[in-house]
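The values are calculated or read from the model by the stated rules, or taken from the named source; none is laboratory data. These figures come from a predicted structure and were not determined experimentally. So basically every Cβ, Gly included, is an ideal-geometry build from the backbone, and we count neighbours across all protein chains shown.
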Amino acid sequence: MHTHLKLEHVLFLDIETVPQEENFNLISEDLQELYTKKTAYQRKDDFTPEEFYERAGIWAEFGKIVCISVGYFTPNTSERQFRVTSFYGEEKELLLEFKQLIDTHYNQPQHVLCAHNGKEFDFPYIARRMIINEISLPNKLNLFGKKPWEVPHLDTLELWKFGDYKHYTSLKLLTTILNIPSPKDDIDGSQVKDVFYKEKNIDRIIIYCEKDTIAVAQILLKFKQQPLLAPHEIISV
């Protein structure tokens with residue numbers, strides 16, 4: 001599977017998102033009404049819009065990115081190395097830093113972006129938030145006019161589906177069944193909002209995001225039947 005793909009050509013990534021504001025009553029009345037309509041089907045009669053605002057971060061229209069973690073295999077080294085770094089802070093600034101990385105180091109035809117459920121979540125979310133923040137899209141996120149086989153995105157969830165489009169497997173489940181050390185040993189996605197707004201602990205979110213990025217790389221190594229990364233091969237920069 002993807003035996004032709006060189007690992008040093010892949011930029012692995014994961015994002016963490018939160019609602020645009022801490023509470024529902026802090027967004028404009030127009031957005032409150034639009035959020036109410038947008039979530040009506042998911043909420044049914046079980047939750048009010050205010051209660052359901054905990055989940056607003058999953059939509060790029062109502063959320064924002066607080067961390068993008070990336071990982072990459074370093075080429076031309078005597079020993080295998082996987083380097084991990086994160087962009088965080090003000091959303092526009094972290095998006096600009098991420099764009100610069102792609103434009104500078106991952107802008108060639110052989111380069112691809114890889115995430116778990118990236119095609120449904122991470123890649124379009126980043127692109128939408130860039131547009132909202134008036135940032136021009138890097139070529140790797142600009143899919144206009146591209147044929148499906150020209151899209152430079154790799155999705156470990158899609159690889160695991162093997163064409164079964166009704167099947168969803170979480171990152172935690174996939175790492176568990178593939179005997180990969182679980183990245184979910186502290187918080188999970190449902191807790192990121194409180195860690196960000198209440199604890200104001202961005203470092204905890206960065207660690208969580210970087211562990212997910214490493215897990216995505218480990219999954220691809222499994223698909224390629226290569227040894228998993230050992231702790232000493234992973235370097236935070």
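The table below gives the values:
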quantity	calculated
Leading residue by the ranking (farthest from Arg83 (Cα to Cα)) among those in the stretch 206-217 that are over 11 Å from the mean Cα position of the chain (by Cα) and not aliphatic (A, V, I, L, M)	Tyr208
Of all residues making up the stretch 122-151, the number that are touching a residue at least 60 places away in the same chain (Cβ under 8 Å) and either crowded, with 21+ Cβ neighbours inside 10 Å or under 17 Å from the mean Cα position of the chain (by Cα) (or both)	6
Subset of the stretch 119-157 that is over 25 Å from Val66 (Cα atoms) and among the charged types (D, E, K, R) - its residue that is modelled with the lowest pLDDT	Glu150
Residue among Leu154, Leu159 that is touching a residue at least 60 places away in the same chain (Cβ under 8 Å), in contact with a helix residue (DSSP H, G or I) (Cβ under 9 Å, 6 or more places away or on another chain), more than 26 Å from Gly63 (Cβ to Cβ) and of a type in the set (A, V, I, L, M, F, W, C)	Leu159
Residue match in the stretch 66-77 (condition: out of contact with any Asp or Glu (no Cβ under 8 Å at 6 or more places or on another chain), surrounded by fewer than 20 Cβ atoms within 10 Å (Cβ to Cβ) and either not β-branched (Val, Ile, Thr) or not in a helix (DSSP H, G or I) (or both))	yes
Filter result (of a type in the set (A, V, I, L, M) and either within 17 Å of Tyr88 (Cβ to Cβ) or free of Cβ contacts under 8 Å to residues at least 24 places away in the same chain (or both)) within the stretch 12-27	Leu13, Ile15, Val18, Leu26
Hits in the stretch 35-50 (condition: without any contact (Cβ under 8 Å) to a residue 24 or more places away in the chain, part of a helix (DSSP H, G or I) and out of contact with any helix residue (DSSP H, G or I) (no Cβ under 8 Å at 6 or more places or on another chain))	Lys37, Ala40, Tyr41
Subset of the stretch 78-120 that is of a type in the set (Ser, Thr, Tyr) and surrounded by 20 or more Cβ atoms within 10 Å (Cβ to Cβ) - its residue that is nearest to Ala60 (Cα to Cα)	Ser86
The stretch 181-205 - residue that is of a type in the set (A, V, I, L, M) and crowded, with 20+ Cβ neighbours inside 10 Å and, of those, farthest from the chain's Cα centre (by Cα)	Val195
In the stretch 7-21, residue surrounded by the most Cβ atoms within 10 Å (Cβ to Cβ) [restricted to those that are in a strand (DSSP E or B) and aliphatic (A, V, I, L, M)]	Leu13
Per-region count, the stretch 8-49, residues modelled with pLDDT under 95 and hydrophobic (A, V, I, L, M, F, W, C)	2
Hits in the stretch 7-33 (condition: touching a Ser or Thr at 6+ places or on another chain (Cβ under 9 Å) and closer than 14 Å to Phe62 by Cβ)	Phe24
